[in-house]
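Let me begin by presenting the structure, written as structure tokens, before commenting on it.
The values are calculated or read from the model by the stated rules, or taken from the named source; none is laboratory data. Since this is a predicted model, take the numbers as computed values, not measurements. Virtual Cβ from ideal backbone geometry, glycine too; neighbours counted across all protein chains shown.
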Amino acid sequence: MMPNNFRGGQLSRQTTGLVDSLQGKTRALRVCDVARLLSVSERQVYKLAAKHRIPSFKVGNSIRFDALALENWLGQVMAPSSVELRGDFRRRA
């Protein structure tokens, strides 16, 4: 059985909403902007950037995010085909 957020196209609606919120952004996003967008802590964003798991770049000692690169990344990581289910969700007798 798949988790509820993968049923009935809800995941694609969530992806569309996040991607839409990035369209039209012309300035680099800050860590706090990305944390708010992804509903994670700023510390988690720093970790993702340090591990190169999210597209980012540095300006001096500051980490910034290109809105277009982030939009493309979100489209890839939130696509249903990129979801990896771990473990067996069926109950065993």
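Could you go through segment 39-53 and let me know if any residue there is at pLDDT below 95 and outside any loop (DSSP other than H, G, I, E, B). Looking for residues that are at pLDDT below 95 and outside any loop (DSSP other than H, G, I, E, B), one finds none in segment 39-53, hence no. Quick one: is residue 83 surrounded by 10 or more Cβ atoms within 10 Å (Cβ to Cβ), touching a helix residue (DSSP H, G or I) at 6+ places or on another chain (Cβ under 9 Å) and modelled with pLDDT of 90 or more? It is false that residue 83 is surrounded by 10 or more Cβ atoms within 10 Å (Cβ to Cβ), touching a helix residue (DSSP H, G or I) at 6+ places or on another chain (Cβ under 9 Å) and modelled with pLDDT of 90 or more.
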